Amino acid sequence: MTDDLAQLSAEYEALIQFLYLAPVGLVQLDADGEIAMINPIAAQLLMPHSRNGGLDNLFVALEDIAPDLRNLCQQSTVQSGKICDGMHVHLHAGSGCSKRMPQILSITLLRLDASRIMAVIDDITEQVRRECRQRQNDAWLNAVLTGITDYALASLDSQGRLCEWNPSIGRVTGFGPAAEGQSYTMFYPNDAITPERALDRLREADADGWALDESRLLRADGSAFWGSVMIAPLPEADREAADGAPSLPCEEGPAYCLILRDVSDKRDIAERRRREAFSDHLTGLANRRALFDAASQEFERSRAAPRPTAVIILDADHFKAINDRYGHPGGDAVLQHLAAILLDFFREVDVVARIGGEEFAVLLPSTDLAHALDLAERLCARVALDAKSFDGQAIVCTISAGVAVALDGHGGVDLLIKQADQALYTAKRAGRNRALAWQPDTVAAPQEALDGA
């Protein structure tokens with residue numbers, strides 16, 4: 001017994017030494033934020049930002065820079081595992097390019113059990129700076145290599161509206177002087193960007209020095225092209241009106257620089273690489289990795305500027321019977337048919353993914369529960385009426401769908417998808433070919449109960 005105690009004591013001391021020497025900040029706290037253990041790196045990172053100079057309670061210490069941490073933990077329903085993963089906290093934020101990049105901490109919270117939480121804290125400022133610099137270098141290098149005739153240079157006000165028209169805008173997009181005063185989203189298809197996402201890009205530019213996006217854009221005549229859009233804050237920009245009221249376009253002077261380029265000739269290589277990593281090979285939809293990446297980014301945006309984010313999980317009814325009757329080629333044809341319907345039905349800004357055999361998911365930014373449920377119900381009706389022709393036969397397929405929504409980015413991506421999956425199972429049990437929203441009393445689904453259901 002004495003030897004066993006000695007061994008346990010030695011293992012405990014080794015564990016404590018490891019925690020104190022770990023290359024990241026580690027903090028053990030209780031559900032109320034009281035700190036039980038903190039290693040030197042965590043203390044070094046947190047001490048300068050503690051409101052009262054103490055580190056007795058993590059929530060209190062970070063109240064000024066991460067005020068939602070306490071609510072995040074209290075509202076989380078996770079019994080064990082991640083409460084949040086790599087939440088970015090910006091410190092010493094300045095405005096404009098003339099200020100140095102703010103320090104950025106990454107905070108991950110892990111619930112160990114009902115009474116203990118572990119916080120993992122890391123300074124990722126240099127990592128973000130390198131990534132931002134690489135994006136900026138790529139954008140400017142491409143601009144130089146392709147000459148001076150294929151990009152439009154414009155100034156935006158603090159709300160993202162064009163301050164003035166110039167010939168470069170007309171040359172690349174075909175829009176005339178009437179573009180002045182319009183939001184830069186006028187270059188995007190109507191369903192490709194939400195108003196909230198448009199403002200997100202401005203905030204990202206403020207935080208990181210620039211925001212870069214590549215997507216399908218439209219010219220004034222309606223023709224599409226693949227464009228690169230970079231937004232960077234101007235150093236002398238005054239972001240807000242003195243009285244806080246909405247301002248006329250650029251009455252305070254330009255706040256951002258926008259560079260818009262036609263990169264259609266370079267899209268094929270980049271798109272092929274993207275498909276290899278983020279697309280489902282059978283349907284061409286996004287895969288599970290792409291869905292979770294997009295959902296994580298949307299949750300991070302929602303935490304910064306609260307807005308609802310909805311998820312629809314849908315599953316082909318009696319799919320095993322379809323495979324048994326028509327063979328796997330028939331089943332694959334049905335899945336491809338469903339994928340085509342989904343792409344046609346949802347907005348371009350929505351992320352449509354295949355996440356399992358016959359299971360699909362749709363991420364809907366800036367969408368509340370009522371709207372998402374209405375979409376899911378109309379989708380069920382459309383699929384039921386749209387049979388797939390295969391080898392001279394019409395294969396009729398229906399779907400069941402579950403809907404869940406997160407209001408402000410809290411709770412986590414895993415929880416939102418789990419709730420939608422539970423609602424899907426309830427729809428299956430209720431008779432299939434229907435959509436239901438998640439409710440707090442929704443019963444969890446055994447996975448085997450959904451296989452081929």
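Hey, can you rank 301-313, 22-34, 154-166 by average C-beta count inside 10 Å, highest first?
301-313, 154-166, 22-34
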Return Lys82, Lys428 ranked ascending by Cβ neighbour count within 10 Å, so the fewest neighbours appear first.
Lys82, Lys428
If you take the C-alpha gyration tensor of region 279-450, multiply each eigenvalue by 5 and take the square root, what semi-axes do you get, largest first, in whole Å?
27, 17, 14
Under a plain spin-label model, where a point goes 7 Å from the Cα along Cα-to-Cβ, how far apart in nm are Thr108 and Ala430?
3.7
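Based on the mean of other Cβ atoms within 10 Å per residue, sort peptides 385-394, 279-288 so the most packed one is first. Don't skip to the answer; put the middle values down first.
On the way: 385-394: 12.0, 279-288: 17.7.
So the peptides 385-394, 279-288, ranked by packing, come out 279-288, 385-394.
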Check: C-alpha center region 298-340 vs C-alpha center region 147-213, spacing in Å is 33
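Coordinate-derived values only; no laboratory data. If you're wondering where the values come from, they're calculated on a predicted model, not measured in any experiment. FYI the Cβ positions are ideal-geometry reconstructions off the backbone, even for glycines, and counts take in every protein chain you see.
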